[in-house]
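Asker: One structure coming up, written as structure tokens, with questions to follow.
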Amino acid sequence: MLLKDYKPNKLFDELMDESGKVRPYYKTIVDRLSSLSHDELKTKIRSLELLFLKQGITFTVYGDEKGTERVFPFDPFPRVIPAPEWETIEAGLVQRITALNLFLYDVYHEQRIIKDGIIPKEVVYSAAHFRPEFMGVSIPKDAYIHICGTDLIRDIDGRYLVLEDNGRCPSGVSYVLENRAAMKRVFPHLFGGGVRSVDTYPADLLATLRHIAPRENPNPNIVLLTPGVHNSAYFEHSFLARQMSIEIVEGRDLIALDGFVYMRTTRGLRQVDVIYRRIDDDFLDPQVFRKDSCLGVPGLVDAVRRGNVALANAIGTGVADDKVTYAYVPEMIRYYLCQEPILDQVPTYLAWRDSDKKYILDNLPQLVVKAANESGGYGMLIGPASTKEQIEEFRQKIIATPRNYIAQPVVNFSQHPTLVESGIEGRHVDLRPFVLWGDTVKVLPGGLTRVALKRGSLVVNSSQGGGSKDTWVFAT
Amino acid sequence: MMLSRVADHQYWMSRQIERAENLARLVRISEEMLLDDETLGRGSAQEYWTPVLQATAMEESFKSLYPQPRQGDAARFITSDLRNADSIISCIRQARENARSVRDKISEEMWTEINALNMLVTSPEGIDLLEVAPQAFYEKIISSSMLFDGITEATLTRDEGWNFLQLGRLLERADMTSRFLDIWSQSTSQDAAEESLKWGAVLRACGAHAGYRKAYGGEITIEKVVDLLLFSNEFPRSIRHCLRRADEVLHDISGTPTGGYSNQCEKLTGALLARLSFSGPTEVMAKGLHDYIDDLQKQLNSSSQAVFESFVLLPSEVGRHFTRHNRPESMSDWQREQQQQQQQ
């Protein structure tokens, strides 16, 4: 019996309640998985990973000369989210992206939220990704974040908490689609019906991009702008471009002339209307942002300002997913929508507030400290798991640049049964659902469940030893 | 219409696979020949490799990396030395990188094959195979290249991308056949047996043994080999055949009727084809094989440069100096770092 030694470990366990009873919506999966032995499961996973490798479904590991490509480890035990739970998540995500888009429009136009004293001016203006160059610029449909990949975790009581809003260029959605395809191929017998499909994502994304075409062009030329094959998410870029049948371009394929953007083809130049860019603002246009960028297109920003080309996501969304701004999102929701936030978030201490800074410095060994503008699990200190030296290093950094750091209590987030060498054990998981803001707001059912494969580890990032699993949302 | 960079990647992807295949053919035959006493005559194995390295334009970099070559160095240099940007494994890696850049444009099966070939030659198992059974290693590369060609034939839509793939393969094949012909072009011997051995090897490197026998019978002479590999209209690896097909492909891309031209690349390729169509071994032997081939290679290079200028560059950029731009190693570290930084 596969689960005979499985224990909930005093955390919130996705599979079992406190008494060790399997939650009703997992019953079918557990019954069907139990028909396989541990060895059979492992063999299936190995052949699956070999298949991923053969198909080049890989990400690139950095800090390695050869740019080694690895398979994103895949765990066969699917995570299940019952329908009522998902309804709440979905409503909460829609509420959140709505507020964030209203906030972005506001800070780049009237700044009512600052004038009304809800968010201090310093918070906005000191955010590394705030783009004052875009004050007063109107963009199609006033939409800033078109694609959002919000990270959720569950605390000890099973409450879903927003950990961060990734509103710049969130990645991972290709793994949602590939994981589902892999599950269907290797474990078809686990599906009992009622699992909501994820297949429409590329079509929905395309509709989202079409929605922002300049001058409502009904037949826009849409392209995906990638940094290039050395980017860790290149597989995803290529995958999405293929699924949507749009061109995948690099900066050098585009040229801006007289306020329009064109792509270079074998038959000359062809105008581009919408760019799904997977490059940070900083690198988009060496004439406006980083001068040394070799990834961008000189003149692109000018074309955006003139309304001749639309970008998804828009320039300047980073001010909304700054970790200091994050602390104010509940206030934003109340201010713009007159609603209470549906999803809770993790309490956050801001080092730039003196009182918070004192608390942070006094309690470093118990806190998680994060750089305000980093992502991907970089620039982070997990107090309880760090050495004295690491803690001291962060103490100095916080004192030197308090605006750059925030701290949060350690959330011992939920665990999920996961296949490991010795059997099936609990491992920490998070969830990244994907939200599309187009004509309507669409939330992809489920999202990417990332799992920290190391026992006890809270870091789920693929770059740091995380894996992923398929995520099932039941229709009823 | 397609992205210029994509056309360039597709063109180079198939060129690099074709080059890897041809080099594998060459090394395989060479190692076989070296087993025969007569091949060496009174010379050393190293003397055998010198014309091979010259003909493949690798001599200079070989000499600088191996000032005192030992046995096996030349074959290793051509096969697996990553410092040699034209080695078989380097070519395969570059082809695979190019394929990765256009994987949304090629079929899943094409991608899987090229990815598998790259996995094989860069894996410890592949390197082991090269050590213990080099012939099997070369066979794998040759058959994988031909399989890739077949998969392409069977799975890829006949659009512009297909044409660029064909163009790359055909121009590379013509170039490599000319290099095979060049290996012994300057060292003709009076010894008929030795000549027959050498030119027989060239035929086998081109997979032309059977085709030759069918056309000319058993006796192998330089004139007849030249007739087949340069001028045959029917043999698929002959230079004329490759150019004729390249000419068709170019006209298919531009839509111009054959016999005329609408861009520099069509003009150069068409002119070269005409020249080959209206001459034969007599002219070659009169001019001297090596000089003839030297000239031919220059014109092939111009054709291939013209592909780049006609389809990748904007008219205003033609004439600027571009280096071998699509090689992954030509990217500097800071550029690579910038590509990697973008992540959320």
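Asker: Looking only at the range A:87-133, how many residues end up being buried (at least 17 other Cβ atoms within 10 Å of the Cβ), more than 24 Å from the chain's Cα centre (by Cα) and not β-branched (Val, Ile, Thr)?
Answerer: Residues in the range A:87-133 being buried (at least 17 other Cβ atoms within 10 Å of the Cβ), more than 24 Å from the chain's Cα centre (by Cα) and not β-branched (Val, Ile, Thr): 0 in total.
Asker: Please enumerate the residues belonging to the range A:164-178 that are crowded, with 20+ Cβ neighbours inside 10 Å and more than 11 Å from every other protein chain (Cβ to nearest Cβ).
Answerer: Across the range A:164-178, the qualifying residues are A:Val173, A:Ser174, A:Tyr175, A:Val176, A:Glu178.
Asker: Between residues in the range B:293-316 that are at pLDDT 95 or above and residues that are not in a helix (DSSP H, G or I), which pairs lie under 7 Å by C-beta distance while being six or more apart or on different chains?
Answerer: Every condition considered, the pairs that remain are B:Ile293/B:Ser185.
Asker: Another one. Taking the condition more than 23 Å from B:Ala7 (Cα to Cα) and crowded, with 17+ Cβ neighbours inside 10 Å, does B:Val312 pass? Full working, then the answer.
Answerer: Working: more than 23 Å from B:Ala7 (Cα to Cα): no; crowded, with 17+ Cβ neighbours inside 10 Å: yes.
Against the criterion (more than 23 Å from B:Ala7 (Cα to Cα) and crowded, with 17+ Cβ neighbours inside 10 Å), B:Val312 does not qualify.
Asker: Hey, among the residues in the range A:250-307 that are of a type in the set (Asp, Glu) and under 24 Å from A:Tyr144 (Cβ atoms), which one's nearest to the chain's Cα centre (by Cα)? Give the steps one after another, and end with the answer.
Answerer: Just the residues of the range A:250-307 that are of a type in the set (Asp, Glu), to begin with: A:250, A:253, A:258, A:273, A:280-282, A:285, A:292, A:302.
From what's left, under 24 Å from A:Tyr144 (Cβ atoms): A:273, A:280-282, A:285, A:302.
Details: A:Asp273: 26, A:Asp280: 14, A:Asp281: 17, A:Asp282: 19, A:Asp285: 24, A:Asp302: 28 Å.
The extreme case among them is A:Asp280.
Asker: Among A:Leu48, A:Leu33, which is the only one that is at pLDDT 85 or above, in contact with a helix residue (DSSP H, G or I) (Cβ under 7 Å, 6 or more places away or on another chain), away from chain B (no Cβ under 14 Å) and within 30 Å of B:Ser101 (Cα to Cα)?
Answerer: Working: A:Leu33 fails: within 30 Å of B:Ser101 (Cα to Cα).
Exactly one residue qualifies, and that residue is A:Leu48.
Asker: Let me ask something additional. Assigned by TED's automatic domain parsing to the domain that holds B:Asp295, surrounded by fewer than 17 Cβ atoms within 10 Å (Cβ to Cβ), touching a helix residue (DSSP H, G or I) at 6+ places or on another chain (Cβ under 8 Å) and not polar (S, T, N, Q): which single residue out of B:Glu219, B:Glu172 fits that description? Walk me through how you get there before you give the answer.
Answerer: Values: B:Glu172 fails: surrounded by fewer than 17 Cβ atoms within 10 Å (Cβ to Cβ).
It is B:Glu219.
Asker: Moving on. Taking the condition of being touching a residue at least 40 places away in the same chain (Cβ under 8 Å), surrounded by 15 or more Cβ atoms within 10 Å (Cβ to Cβ) and not charged (D, E, K, R), how many residues in the range A:183-215 meet it?
Answerer: Number satisfying all stated conditions: 17.
Asker: For A:Thr471, work out the one condition from (1) touching an Asp or Glu at 6+ places or on another chain (Cβ under 8 Å); (2) assigned to a strand (DSSP E or B) it doesn't fulfil.
Answerer: (1)
Asker: Ok, one more. Do you know which residues across the range A:1-35 are of a type in the set (D, E, K, R), touching a residue at least 24 places away in the same chain (Cβ under 8 Å) and not in a loop (DSSP other than H, G, I, E, B)?
Answerer: A:Asp13, A:Arg32
Asker: (1) touching a residue at least 24 places away in the same chain (Cβ under 8 Å); (2) assigned to a loop (DSSP other than H, G, I, E, B): which one isn't true of A:Pro218, the others all being true?
Answerer: Here A:Pro218 meets the rest and fails (1).
Asker: Could you please let me know if B:Tyr261 is farther than 30 Å from B:Ala7 by Cα and more than 16 Å from the chain's Cα centre (by Cα)? Steps first, please.
Answerer: On the way: farther than 30 Å from B:Ala7 by Cα: no; more than 16 Å from the chain's Cα centre (by Cα): yes.
Spelling it out, it is not the case that B:Tyr261 is farther than 30 Å from B:Ala7 by Cα and more than 16 Å from the chain's Cα centre (by Cα).
Asker: Going residue by residue through the range A:434-441, is there one that turns out to be in a strand (DSSP E or B) and without any contact (Cβ under 8 Å) to a residue 40 or more places away in the chain? Walk me through it before giving the result.
Answerer: Filtering the range A:434-441 down to residues in a strand (DSSP E or B) leaves A:434-437, A:441.
From what's left, without any contact (Cβ under 8 Å) to a residue 40 or more places away in the chain: none.
Checking the range A:434-441: not a single residue is in a strand (DSSP E or B) and without any contact (Cβ under 8 Å) to a residue 40 or more places away in the chain.
Asker: Right, another one. Wholly within the range A:234-337, which helices (runs of 4 or more DSSP H) include no fewer than the required count, namely at least 1 residues that are within 14 Å of another protein chain (Cβ to nearest Cβ) and in contact (Cβ under 8 Å) with a residue 12 or more places away in the chain? Break it down into steps so the answer makes sense when it comes.
Answerer: On the way: elements: A:234-244, A:300-305, A:323-326, A:329-337.
Hits in the range A:234-337: A:234-244, A:323-326.
Asker: Does B:Ile127 qualify as being assigned to a helix (DSSP H, G or I) and either under 21 Å from A:Arg70 (Cβ atoms) or among the polar types (S, T, N, Q) (or both)?
Answerer: Details: assigned to a helix (DSSP H, G or I): yes; either under 21 Å from A:Arg70 (Cβ atoms) or among the polar types (S, T, N, Q) (or both): yes.
Yes; evaluated as a whole, the condition is true for this residue.
Yes/no per residue for (1) among the hydrophobic types (A, V, I, L, M, F, W, C); (2) at pLDDT below 95:
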residue: B:Ala154; (1), (2): yes, no
residue: B:Asp175; (1), (2): no, no
residue: B:Ser178; (1), (2): no, no
residue: B:Ala193; (1), (2): yes, yes
residue: B:Ala210; (1), (2): yes, yes
residue: B:Lys214; (1), (2): no, yes
residue: B:Gly218; (1), (2): no, yes
residue: B:Val226; (1), (2): yes, no
residue: B:His241; (1), (2): no, no
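Asker: Hey, another quick one. Which ones in the range B:213-269 are within 19 Å of B:Leu289 (Cα to Cα) and either aromatic (Phe, Trp, Tyr) or within 14 Å of chain A (Cβ to nearest Cβ) (or both)?
Answerer: Across the range B:213-269, the qualifying residue is only B:Phe231.
Asker: Okay, next question. Checking A:Phe413 against (1) touching a strand residue (DSSP E or B) at 6+ places or on another chain (Cβ under 6 Å); (2) crowded, with 24+ Cβ neighbours inside 10 Å; (3) not polar (S, T, N, Q), only one condition comes out false. Which one?
Answerer: Evaluating A:Phe413 over (1) touching a strand residue (DSSP E or B) at 6+ places or on another chain (Cβ under 6 Å); (2) crowded, with 24+ Cβ neighbours inside 10 Å; (3) not polar (S, T, N, Q) leaves (2) as the failure.
Asker: So, one more: Output the residues belonging to the range B:325-344 that are modelled with pLDDT under 75, assigned to a helix (DSSP H, G or I) and within 7 Å of chain A (Cβ to nearest Cβ).
Answerer: Scanning the range B:325-344 gives no hits.
Asker: Still on this structure, I have one more. Name the residue that is nearest to A:His211 (Cα to Cα), counting only residues in the range A:270-312 that are out of contact with any Ser or Thr (no Cβ under 8 Å at 6 or more places or on another chain) and among the aromatic types (Phe, Trp, Tyr).
Answerer: A:Tyr276
Here is a yes/no grid of residues against (1) crowded, with 23+ Cβ neighbours inside 10 Å; (2) at pLDDT 95 or above; (3) among the polar types (S, T, N, Q):
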| residue | (1), (2), (3) |
| --- | --- |
| B:Arg103 | yes, no, no |
| B:Glu108 | no, no, no |
| B:Thr122 | no, no, yes |
| B:Ala136 | no, yes, no |
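Asker: With the condition kept exactly as written, say whether any residue in the range B:197-209 is buried (at least 21 other Cβ atoms within 10 Å of the Cβ), touching a Leu at 6+ places or on another chain (Cβ under 6 Å) and either in a helix (DSSP H, G or I) or assigned by TED's automatic domain parsing to the domain that holds B:Thr50 (or both).
Answerer: yes
The values are calculated or read from the model by the stated rules, or taken from the named source; none is laboratory data. On a predicted model such as this, the values are computed, not experimentally measured, just so you know. For neighbour counting, all protein chains shown are included, and Cβ atoms are generated from backbone atoms with ideal geometry for every residue, glycine included.
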